[in-house]
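The structure under discussion appears below in the form of structure tokens.
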Amino acid sequence: MSGDDKHTHYFASTIGWNLCCKQATYLLLKKEEVKELSFKEEWALKFHLSFCKFCKLFRKQSAILNQMIGKTVLTSKAQLLQRDKDKLKLLINSNLNGN
Amino acid sequence: MAIPAPTSTHKLEPEKWVDNYADYLFTYAISRISDEDEARDLVQDTFLSALKGKDNFKGEANEKTWLVSILKRKIIDLYRKNAVRKEQSFEESDSYKVAYDHYFRDDDGSRPGHWAGKNNPQPWSEQKTNLEQGEFRRILVACLSKLPKAWTSVFSMKFMDDESSESICKELGISTSNYWVIIHRAKLQMRECLEKNWFKA
Ligand SMILES: [Zn+2]
């Protein structure tokens, strides 16, 4: 069994009413996307978050990260060196003329 | 009211591609594979494929959208290749993979699976969550580059391209449960890396 399979198995088989932080963080990330967890998962997560300040913090920070990562990529700009651009132009031109 | 002529309005001008799109494509690539050399190669490959396929361009999309779609295809091919390579030599490509027990207590000890202590989430500085573009981006890219490549693919497709889990799993050929484990581990690692290098109060 490879590393990830082992963990996949862990989450598939052991999620009960009493979550540990490893399971809680897993479920709350899943919830960010699927919106609805199973009834049991939903309540187990709610219960865990009611007393675990680290997982609560993790949830908050995860949401901040999602927002910041999305924004950053949309607005930031990297630049190719002029040298590389010249090489690309040459390549394109020789291709255009060749065919 | 004049009826617009039924022509395809978009046409290709390869002579202007480099000036018009090279930086954009490079930015697009580098934010998804976080490797400058590979990103540069991808931009070149994109232009070459576009030249080869330019007779197939129907003018339905504009030039930029069309070029991005070609680049995107190439990035996914690269992701796939990385995913395969990962299976072939699990150890080697996973040198950066941070193990679960870096964050959580051992499954066999007391309070198994609870936050272990030294890498627990810490409160963040308020002002750092108000974006300062350039610097944050640099650190984001540095943190991304520390993930195993196959995770970076999943992470970028989800958070940068806003793709659904179904389409990511389909494109990369991974199972849904494996997808969630990758998201979980990548997020733990990214959160920690960004906390240490950016958000620390
Ligand atoms: Zn917890």
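Please report the relative contact order for chain A, taking Cα pairs under 8 Å with a sequence separation of at least 6, and give it as a percent rounded to a whole number.
Across chain A, relative contact order equals 23 percent.
With a 10 Å radius around each residue's Cβ, average the other Cβ atoms per peptide and rank B:55-63, B:13-21, highest first.
Descending mean neighbour count gives B:13-21, B:55-63.
Sticking to Cα atoms, compute the Rg of chain A to one decimal and its Dmax as the biggest Cα-Cα distance, whole number, in Å.
Rg then Dmax for chain A, in Å: 23.3, 69.
Between the range B:19-36 and the range A:76-99, what's the alpha-carbon centroid distance in Å?
Centre-to-centre (Cα) distance: 13 Å.
Can you give the translational diffusion coefficient of chain B in µm²/s, computed by Stokes-Einstein from the Kirkwood radius over Cα pairs at 37 °C and 0.692 mPa s?
169
At q = 0.07, 0.09, 0.12, 0.14 Å⁻¹, work out log10 I(q)/I(0) for the protein assembly as shown with the Debye formula, treating every Cα as an identical point scatterer and leaving solvent out; two decimals please.
For the protein assembly as shown, the Cα-only Debye profile gives -0.33, -0.53, -0.85, -1.07.
With r as the distance between the Cβ atoms of B:ARG111 and B:ILE76 and R0 = 51 Å, compute the FRET efficiency 1/(1 + (r/R0)^6) and round to 0.05.
E between B:ILE76 and B:ARG111, to the nearest 0.05, is 0.80.
Can you list the lysines whose alpha carbon sits under 24 Å from that of B:LYS128, skipping same-chain ones fewer than 8 residues off?
Straight-distance partners of B:LYS128: A:LYS53, A:LYS56, A:LYS60, A:LYS71, A:LYS77, B:LYS118, B:LYS146, B:LYS158, B:LYS187, B:LYS196, B:LYS200.
Gap in Å between the Cα centre of the range A:15-60 and the Cα centre of the range B:124-188?
Computed from Cα coordinates, the inter-centre distance equals 20 Å.
Leaving out ligands, DNA and RNA, calculate the buried accessible area for the pair B and A with a 1.4 Å probe, summed over both sides, in Å² to the nearest 100.
5000
How many Cβ atoms of partner chains, on average, are near each residue of A:22-28 if near means within 10 Å of its Cβ?
Taking all residues of A:22-28 together, the mean is 6.
Report, as an integer, the average count of C-beta atoms from other chains found within 10 Å of each Cβ along A:35-42.
If you average over the peptide's residues, the count of other-chain Cβ atoms is 0.
Given N residues in the range B:14-85, what is its alpha carbon radius of gyration divided by 2.2 N^0.38 Å?
With N residues counted in the range B:14-85, Rg over 2.2 N^0.38 Å equals 1.09.
Based on the Cα gyration tensor of the range B:94-199, what are the three equivalent ellipsoid semi-axes, each the root of five times an eigenvalue, rounded to whole Å and given largest first?
23, 22, 11
Quick one: compute the contact order of chain B, relative version, from alpha carbon pairs under 8 angstrom and 6+ residues apart, as a percent.
23
Counting only other chains, and only Cβ atoms inside 10 Å, what mean value do you get across the residues of A:77-89?
5
Could you grab the relative contact order for the range B:14-85? Cα pairs under 8 Å, six or more apart, rounded to a whole percent.
35
Suppose only helical runs count, i.e. DSSP H with n ≥ 4. What mean residue ellipticity at 222 nm does that imply for chain A under -39500 (n - 2.57) per run, divided by all residues and rounded to the nearest 500 deg cm²/dmol?
-26500 deg cm²/dmol
At A:GLU42 and A:GLN79, where each label point lies 7 Å from the Cα along Cα→Cβ, what is the point-to-point distance in nanometres?
Between A:GLU42 and A:GLN79, the simple spin-label model gives 5.2 nm.
The values are calculated or read from the model by the stated rules, or taken from the named source; none is laboratory data. From a predicted model like this one, the values you see are computed outputs, not experimental measurements. Cβ: placed from backbone, ideal geometry, glycine included. Neighbour counts: every protein chain shown. Each accessible area value is taken on the protein alone, full model and side chains, heavy atoms only, with ligands, DNA and RNA left out. Shrake-Rupley method; radii C 1.70, N 1.55, O 1.52, S 1.80 Å.
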